[in-house]
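The values are calculated or read from the model by the stated rules, or taken from the named source; none is laboratory data. The structure presented is a predicted model; accordingly, all values stated were derived computationally and were not measured. Positions of Cβ are generated from backbone atoms using ideal geometry, with glycine treated the same way; all protein chains shown enter the neighbour counts. In case anyone asks, the SASA skips ligands and DNA or RNA and just uses the protein heavy atoms, side chains included. Shrake-Rupley method; radii C 1.70, N 1.55, O 1.52, S 1.80 Å.
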Amino acid sequence: MMTGRKAALAVAGLALLLPGAAWAAQAGGAFDPDAATDAYMATLRGAARAKSDAYFEGGYWLILWGALVSIASELVILRTGLSARFRDWAERWGKWRWLQTMLWVLPYGIVSSLIVAPWTIYTEFVREDQYGLMNQTFVEWLGDAGIMLAINIVFLAIGLAIIMGLIRKFPKSWWLWGAGAMTAMAAFAALIVPVFINPLFNTYTELDQGPVRDRIVAMAESQNVPAEHIYLFDASKQTKRISANVSGLGPTIRISLNDNLLNRTSLPETAAVMGHELGHYVLSHVYKMIGAFALIFGLLFFAASRMVPAMINRWGSNWRVRGPDDVAAIPVYMIALGALSVVMTPLTNSIIRWNESEADAFGLDVAREPDGFAQAAMRLSEYRKIEPGALEEILFYDHPSGRTRVQMSMDWKARHWNELSPESRAAGPGRPAVAAPAAAPATTP
């Protein structure tokens, strides 16, 4: 018979040989999702955690400072009379007012971009490089920025021509018509971006045959999602971030994953992330987001329709702006919308975060990889603060925080504990998840 000491040593040795037993040995032998979540959080500490927190918390201030820089840029264009000069030039060369608006956008887009160029370079290149997230040289980044500027000018010219036309035709109710027009334009952009815009920056190819594709196809087929095309794009040429997305609208909807996700994560992690993306597709989040932002556009335009006339009455003569329907008044609208957008940030973040949370729940059900999803969430801590306060998450997060996602994953694991294999039960911090069978049953939440 073993002595108490020998028995204790034997149990300890068995726990080392069978990490799953140690992982599961919570109170009463049951899996404790709170303890498991805490264990995941404990894997990010010291300099890595401080760096992650500093990067993300700095982004809070970027929201405010970005808005102030944008407003300052518009004020420079107004106070120097540049907006009025652009209008006078457009009137000389354009016969129709819609054409004058589109012509006005050309110098405006270039000049305003040059004014804010130092800020753009810092926030989009220097800061990303400082935190180790940038893979491009400055020249490469500048090339992409130039392409994006040209695209933005084209879209801005079309959009502002429509909005200014509505302001002239419906001076009292333009905000309502404008919200509808902006929603239609957002839907059109969603339709064409995957096919015509994204390939300007990255190469999209069919994901090769293999375990990753087999797993994605199995999950897609279990939810009646078309899986003929699954795209891989070379995001590693620009950044170290892992990501995947559902983009497009109607016939152009597609599921894509970047090469960082493919190369930096295990199969359970990739499957969990792609299950999340399938959730966006199945739950029609693209359409729901367009509908939600139609309401946001309406609120923003309504407020701007009240603010802009008051601003023009007060300062319009100094800016040589003739009235709210003058193309030279566009910077005034931009100031109002910029200020209002900062105020609306918690609401827009919450709308997006709710959809992301729904997709998280869906992905857990369809992929059945709770530790894979938890481990992917921990990887995102490279650039997302892992454990914010409750109010902080509401105000600043457009995705659930890492802790929220890990807790959701561990709660799912606890609910489905009896259905999991011993290998899946054993997975946890420092113990990679083992891929579930490709045809694992899935349920729609």
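At-a-glance table
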{"quantity": "Per principal axis, descending, Cα span of segment 155-262 in whole Å", "calculated": "58, 33, 19"}
{"quantity": "Of every Cα-Cα pair in the chain, the percent that sits beyond 28 Å", "calculated": "58"}
{"quantity": "Under 18 Å from Lys385, Cα to Cα: lysines that are on another chain or at least 8 residues apart", "calculated": "Lys51, Lys240"}
{"quantity": "Diffusion constant of segment 264-334 at 10 °C, which comes from Stokes-Einstein with the Kirkwood Cα-pair radius and 1.306 mPa s, µm²/s", "calculated": "101"}
{"quantity": "For Thr183, solvent-accessible area (1.4 Å; no DNA, RNA or ligand), Å²", "calculated": "30"}
{"quantity": "Listed residues Ala414, Ala390, Ala36, most fluctuating in the chain (Gaussian network, C-alpha, under 10 Å)", "calculated": "Ala390"}
{"quantity": "Nearest-20 debye value, the chain charge dipole, Cβ charges on Lys, Arg, Asp, Glu", "calculated": "1280"}
{"quantity": "All-pairs Cα distance distribution in segment 286-419, expressed in whole percent, bin size 5 Å", "calculated": "2, 9, 15, 14, 12, 11, 9, 8, 7, 5, 4, 3, 1, 0, 0"}
{"quantity": "Segment 35-153 pair-distance distribution - Cα-Cα, 10 Å bins, rounded %", "calculated": "11, 28, 28, 17, 9, 5, 2, 0"}
{"quantity": "Inverse of mean 1/r across different Cα pairs in segment 104-205, Kirkwood, Å", "calculated": "16.0"}
{"quantity": "Loop trypsin sites (Lys or Arg not before Pro), segment 147-236 (other Cβ atoms within 10 Å of the site Cβ: 10 or fewer; DSSP)", "calculated": "Lys172"}
{"quantity": "Burial order of peptide ranges 198-204, 42-48, 355-361 (average beta-carbon count within 10 Å, highest first)", "calculated": "355-361, 198-204, 42-48"}
{"quantity": "Residue (of Leu64, Leu149, Ala328) at the positive-pole extreme of the chain, dipole from beta-carbon charges", "calculated": "Ala328"}
{"quantity": "Glu57, Glu393, ranked by accessible area, largest first (probe 1.4 Å)", "calculated": "Glu57, Glu393"}
{"quantity": "Contact order normalised by residue count of segment 232-296, Cα under 8 Å, 6+ apart, percent", "calculated": "31"}
